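Working notes, structure below.
The values are calculated or read from the model by the stated rules, or taken from the named source; none is laboratory data. Every value quoted in this text rests on a predicted model; they were computed, and no experiment measured them. Cβ placement follows ideal geometry from the backbone for every residue including glycine, while neighbour counts extend to all protein chains displayed.
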């Protein structure tokens with residue numbers, strides 16, 4: 001599985017977590033993925049999206065505080081669920097996955113946004129992640 005597909009699985013899981021409160025234990029089994037497709041994926045390839053999902057959920061308070069700090073003139077509670085899932089996933093990567101360069105993380109977020117969110121959401125997501133990736137917003141604590 002490519003990293004992009006792993007991020008997509010993580011995005012879908014984080015959306016379900018936000019929308020329905022699906023527990024982590026259920027999310028990391030990927031119940032929405034067709035059984036045949038899951039059979040074709042080995043456990044090792046599923047570890048990456050599981051890491052992302054668990055990382056976001058375990059660090060939600062820190063991640064959300066960084067997103068809130070980066071949003072200007074916008075109410076956090078008004079974020080679309082898909083945008084919030086993309087932001088959380090990407091902010092987790094920026095803050096905790098130092099091996100992935102910030103421009104790569106932001107570019108992947110833009111692509112996810114263009115595929116799964118509204119027409120201009122990618123601009124909003126790009127601006128927020130760019131703010132998080134610079135300055136004091138990058139330290140997780």
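Summary of values
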quantity	calculated
Test: residue in region 59-79 that is within 18 Å of residue 115 (Cα to Cα), modelled with pLDDT of 90 or more and crowded, with 16+ Cβ neighbours inside 10 Å	yes
Condition broken by residue 82, with the remaining ones in (1) more than 26 Å from residue 134 (Cβ to Cβ); (2) crowded, with 17+ Cβ neighbours inside 10 Å satisfied	(1)
Residue satisfying condition, being out of contact with any strand residue (DSSP E or B) (no Cβ under 6 Å at 6 or more places or on another chain), in a helix (DSSP H, G or I) and either in contact (Cβ under 8 Å) with a residue 60 or more places away in the chain or surrounded by fewer than 16 Cβ atoms within 10 Å (Cβ to Cβ) (or both), within set 13, 19	19
Answer residue from region 47-73, given it is assigned to a loop (DSSP other than H, G, I, E, B) and free of Cβ contacts under 8 Å to residues at least 40 places away in the same chain and is farthest from the chain's Cα centre (by Cα) among those	73
Test: residue in region 94-114 that is closer than 12 Å to residue 63 by Cβ and under 11 Å from the mean Cα position of the chain (by Cα)	yes
Neighbours by Cβ (under 8 Å, 6+ apart or cross-chain): first from region 22-45, farther than 14 Å from residue 11 by Cα; second assigned to a loop (DSSP other than H, G, I, E, B)	38/30; 41/1; 45/1
Among (1) at pLDDT 90 or above; (2) farther than 26 Å from residue 118 by Cα; (3) assigned to a helix (DSSP H, G or I), the one test that residue 44 misses	(1)
Search result, residues across region 74-87 that are under 18 Å from residue 120 (Cα atoms) and part of a helix (DSSP H, G or I)	76, 78, 81, 82, 83, 84, 85, 86, 87
